[in-house]
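**Q** Take this structure first; my questions come after.
The values are calculated or read from the model by the stated rules, or taken from the named source; none is laboratory data. Since the structure is predicted, the reported quantities are computational estimates derived from the model, not experimental observations. In this analysis, Cβ positions are derived from the backbone assuming ideal geometry, glycine residues included, and neighbour counts consider all displayed protein chains. Just the protein is used for accessible areas: all its heavy atoms, side chains included, with ligands, DNA and RNA removed. Shrake-Rupley method; radii C 1.70, N 1.55, O 1.52, S 1.80 Å.
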Amino acid sequence: VDARIERVAVVRDVARVTASIDHIALARDLAGAIENEELFLQYQPKVHVRRQEVTSVEALVRWQHPTRGLVLPGDFIPMAEESRDIVALTLWTIRRSIIDQKALADRGHDLRVFINIAGGLLADPGFVRQVCAIVIESDAKLGFEITETSVIRDPESAIANLKVFADIGVTIAIDDYGAGLSSLAYLKQLPARELKIDKLFITQLTSSNRDPLIVRSTIDLAHALDMEVVAEGVETAAAMALLSVMGCDMIQGFLISRPINIDALMRFLESGGHL
Ligand code: C2E
Ligand code: CA
Ligand code: CA
Ligand code: CA
């Protein structure tokens, strides 16, 4: 028995060491990934319920790694935040989104593109300055998705910078609402026009007793604060129907579309069969 426990422990330690070597290797690769054009964006449409049309899309970054294949953001965004590669990654994402948005506009699709902004960036003056320069120069219609958790680290700077972004025409959306450290004090102060209810509350919307109550009161609260509400993670027609009755303004999720490449997005928009 002792020998077996010993063996299990050794296997576990090896796994742990392998995992951290793996982490270091991936983090090293990430630095070159932007230059080598290994990153790409997929877009997921948000459908406006009353207008029955796609009014915006969310840009989601992916990494086509030369040997590992497709790596999803959950596996490299946290390490990019640690290494500060997140600054270059996010600036790249913003520039790429602007290029794609122009291509969409050229085909008659006037969509706002939302980009996820990691928490540590909101209090980084260099990042804010560079973003402002890019946004003002391009005149693009952008949105930034931020979480409340990211504001909590340095609320004063974060809120001031979000106001700067809002002033230059960037729509601010509160992401993952209800999943992290929510604070009504921040909700009151943030210059946000959209609130995205986390998919945690949407996935079991039609099978749980509590989720519909939480979702409905969140929608009412957001509306009282003059914000539009997006439900994310909508996978079923039943959830969509209930959200519509509750007055939810926008729907995002696999029911409408998975995140897709820009070409597929064009086809999706032009087929018009999304609702
Ligand atoms: P998020 O901002 O909450 O993005 C939504 C995630 O839910 C995406 O995962 C999306 O593919 C997934 N999703 C969309 N619809 C559904 C659905 O109906 N059901 C389910 N089960 N999932 C759905 P993804 O693309 O893996 O992204 C994960 C997270 O990585 C994002 O969460 C976001 O926080 C982060 N992320 C993605 N791109 C960027 C980026 O460019 N910069 C930063 N800082 N973070 C990013
Ligand atoms: Ca998001
Ligand atoms: Ca989200
Ligand atoms: Ca999330």
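**Q** Restricting to region 87-123, count the residues that are without any contact (Cβ under 8 Å) to a residue 60 or more places away in the chain and out of contact with any Lys or Arg (no Cβ under 9 Å at 6 or more places or on another chain).
**A** Summing the residues that are without any contact (Cβ under 8 Å) to a residue 60 or more places away in the chain and out of contact with any Lys or Arg (no Cβ under 9 Å at 6 or more places or on another chain) in region 87-123 gives 21.
**Q** Return yes or no: is Asp167 over 17 Å from Ile115 (Cβ atoms) and open to solvent by 50 Å² or more (accessible area, probe 1.4 Å)?
**A** yes
**Q** OK, next. Restricting to region 58-72, name every residue that is surrounded by 14 or more Cβ atoms within 10 Å (Cβ to Cβ) and either basic (Lys, Arg) or more than 19 Å from Ile174 (Cα to Cα) (or both).
**A** Arg62, Trp63, Gln64, His65, Val71
**Q** Which condition breaks for Leu89 when tested against (1) within 16 Å of ligand 3 (Cβ to nearest atom); (2) open to solvent by less than 30 Å² (accessible area, probe 1.4 Å); (3) not charged (D, E, K, R)?
**A** Failed condition: (1).
**Q** Return the residue satisfying two criteria in turn: it lies in region 196-214 and is within 16 Å of ligand 1 (Cβ to nearest atom), in a helix (DSSP H, G or I) and touching a helix residue (DSSP H, G or I) at 6+ places or on another chain (Cβ under 7 Å), and of such residues it is nearest to Phe114 (Cα to Cα).
**A** Phe201
**Q** Also: Please work out which residue is nearest to ligand 4 (Cβ to nearest atom), limiting yourself to region 125-147 and to residues that are modelled with pLDDT of 95 or more and of a type in the set (Asp, Glu).
**A** Per the stated criteria, the residue is Glu145.
**Q** Can you find, within region 69-84, the residue that is farthest from the chain's Cα centre (by Cα) among those that are more than 11 Å from ligand 1 (Cβ to nearest atom) and in contact (Cβ under 8 Å) with a residue 40 or more places away in the chain?
**A** So the residue we want is Ser83.
**Q** Conditions first: (1) in a helix (DSSP H, G or I); (2) within 19 Å of Phe268 (Cα to Cα); (3) of a type outside the set (Asp, Glu). Val57 passes all but one, so which condition is the exception?
**A** The one condition Val57 does not meet is (1).
**Q** Could you please let me know if Arg95 is under 18 Å from the mean Cα position of the chain (by Cα), surrounded by fewer than 19 Cβ atoms within 10 Å (Cβ to Cβ) and assigned to a helix (DSSP H, G or I)?
**A** Details: under 18 Å from the mean Cα position of the chain (by Cα): yes; surrounded by fewer than 19 Cβ atoms within 10 Å (Cβ to Cβ): yes; assigned to a helix (DSSP H, G or I): yes.
Yes.
**Q** Let me ask you something else. Counting just the residues of region 116-151 that are under 21 Å from Leu184 (Cα atoms) and among the acidic types (Asp, Glu), which one comes out farthest from ligand 2 (Cβ to nearest atom)?
**A** Within region 116-151, the match that is farthest from ligand 2 (Cβ to nearest atom) is Glu148.
**Q** Looking only at region 186-234, which residues are in contact with a strand residue (DSSP E or B) (Cβ under 7 Å, 6 or more places away or on another chain), of a type in the set (Lys, Arg) and surrounded by fewer than 21 Cβ atoms within 10 Å (Cβ to Cβ)?
**A** Across region 186-234, the qualifying residues are Arg193, Lys199.
**Q** Does region 261-275 include one or more residues that are assigned to a strand (DSSP E or B) and either without any contact (Cβ under 8 Å) to a residue 60 or more places away in the chain or open to solvent by less than 40 Å² (accessible area, probe 1.4 Å) (or both)?
**A** Checked region 261-275: no residue is assigned to a strand (DSSP E or B) and either without any contact (Cβ under 8 Å) to a residue 60 or more places away in the chain or open to solvent by less than 40 Å² (accessible area, probe 1.4 Å) (or both).
**Q** Quick one: what pairs do we get from region 23-41, first residue part of a helix (DSSP H, G or I), second of a type outside the set (A, V, I, L, M, F, W, C), C-beta under 6 Å, 6+ apart or different chains?
**A** Pairs that qualify, where the first residue is part of a helix (DSSP H, G or I) and the partner is of a type outside the set (A, V, I, L, M, F, W, C), are Ala27/Ser83; Leu30/Asp85; Ala31/Asp85.
**Q** If you go through region 163-195, how many residues are within 20 Å of Ile136 (Cα to Cα) and either among the hydroxyl-bearing types (Ser, Thr, Tyr) or outside any loop (DSSP other than H, G, I, E, B) (or both)?
**A** The qualifying residues number 8.
**Q** Please go through region 36-57 and give me each residue that is within 15 Å of the chain's Cα centre (by Cα) and either open to solvent by 10 Å² or more (accessible area, probe 1.4 Å) or polar (S, T, N, Q) (or both), ordered by number.
**A** Of everything in region 36-57, those that are within 15 Å of the chain's Cα centre (by Cα) and either open to solvent by 10 Å² or more (accessible area, probe 1.4 Å) or polar (S, T, N, Q) (or both) turn out to be Phe40, Leu41, Gln42, Gln44, Ser56.
**Q** Restricting region 106-148 to residues that are closer than 17 Å to Ile86 by Cα and polar (S, T, N, Q), which is most open to solvent (accessible area, probe 1.4 Å)?
**A** Filtering first and then ranking leaves Gln130.
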